[in-house]
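Reading through the structure tokens given below for one structure.
The values are calculated or read from the model by the stated rules, or taken from the named source; none is laboratory data. Every value quoted in this text rests on a predicted model; they were computed, and no experiment measured them. Glycine gets a Cβ as well: all are built from the backbone with ideal geometry, and neighbour counts include every protein chain shown. To get the accessible areas, we keep the full protein, side chains included, count just its heavy atoms, and leave off ligands, DNA and RNA. Shrake-Rupley method; radii C 1.70, N 1.55, O 1.52, S 1.80 Å.
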Amino acid sequence: MTGDSDLLDAWRAGDSHAGQELFKRYYDLIARFFANKITGSTSDLVQETFMACVDGRDRIRGDGQFRGYLFGVAYNVLKGHLRRQYRVPDELGSISMLDLDPGPSTIVGESEQASLLLIALRSLPVELQMIIELRYWEQMTSTDIAEILGIAPVTVRGRLRQGRIQLERAMREQSAPATVIDSAVGELERWVREVREQLPGMSS
């Protein structure tokens, strides 16, 4: 399979097919990024992300970091959407998607534990939700996430710990059987990974 850097170089040189291949490769991942944050259709936000990527393609480093760059663009698109839709500040460290829009997200858990986790994730401040999802759904390192958010890796690690604590608390506050909650909390990382398989982007 042709690497991202090679496709990026070809795209920069004018090969539109290389650009289309990059979009095809990452479309599902970006769709998944928006899936548990936005109610209703997210296709416009996915399209906006890729259009912004087209506009800024010459600023992308050709060292295999295209994926991180793309998620960084998606994060900025999300912030722009929330500012337009809900008039929220640029800082997303204290606002949750459940606060902004209590309706169901575009995905529904296939099991009781999955639904429990998805609702709990949406109750976290958006930045903490994003950190947990990037870490466990996209298998990103603290350094990767730090570059996307523009913060230090040590800060990401601290917020990841904070996010896990708040996620467990949010799950325990839901009116689910204690056995279900204990199972989800006790094997949190496994549950997060399994829920990922129910989201858009299964083939990615």
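Quick one: length gained pulling ARG57 to GLN139 fully straight, 0.36 nm per residue minus the C-alpha distance?
So the extension gain works out to 27.1 nm.
Apply the Karplus curve 6.51 cos²θ - 1.76 cosθ + 1.60, θ = phi - 60°, to the phi angles in segment 27-39 and return the couplings in whole Hz, x for Gly and Pro.
4, 5, 5, 6, 4, 5, 4, 7, 4, 9, 10, 10, 8
Can I get the semi-axes of segment 124-195's equivalent ellipsoid? Compute them from the C-alpha gyration tensor as square roots of 5 times the eigenvalues, in angstrom, largest first.
Value: 24, 12, 9 Å, ordered largest first.
If exposed trypsin sites (Lys or Arg not before Pro) are those in a DSSP loop with at most 14 other Cβ within 10 Å, what is the longest stretch of the chain that has none?
The longest uninterrupted stretch comes out as 88-204.
With a 1.4 Å probe and every protein chain left in place, work out the accessible area per residue of the chain in Å², rounded to a whole number.
Accessible area per residue, the chain: 49 Å².
From Cα pairs below 8 angstrom and at least 6 apart in sequence, can you work out the relative contact order of the chain, rounded to a whole percent?
24 percent
What is the spin-label model distance, in nm, from SER16 to THR155 if the labels are put 7 Å beyond Cα along the C-beta direction?
4.0 nm
How far is it, in nm, from the label point at GLU189 to the one at GLN174 when both lie 7 Å from their Cα along the line to the Cβ?
With each label point 7 Å from Cα toward Cβ, the separation is 2.2 nm.
Amide H to amide H, which residues 5 or more places from SER96 or on other chains are under 5 Å from it, using H placed in the peptide plane?
VAL126
To the nearest 500 deg cm²/dmol, what mean residue ellipticity at 222 nm is calculated for the chain from DSSP H runs of n ≥ 4 alone, each contributing -39,500 (n - 2.57), summed and divided by the residues?
Using -39500 (n - 2.57) per qualifying helix, the result is -20500 deg cm²/dmol.
Could you point to the label whose value was computed as Cα Rg over 2.2 N^0.38 Å for the structure here, given (i) 1.18; (ii) 1.04; (iii) 1.10?
So the structure-derived entry is (ii).
Using θ = phi - 60° and the Karplus form 6.51 cos²θ - 1.76 cosθ + 1.60, what ³J(HN,Hα) does each residue of segment 20-26 get, whole Hz, x for Gly and Pro?
Each residue of segment 20-26 in turn: 5, 5, 4, 5, 4, 5, 10 Hz.
Could you give the angle, 0 to 90 degrees to the nearest 10, between helix 43-55's Cα long axis and the longest principal axis of the Cα atoms of the chain?
That helix lies at roughly 40 degrees to the long axis.
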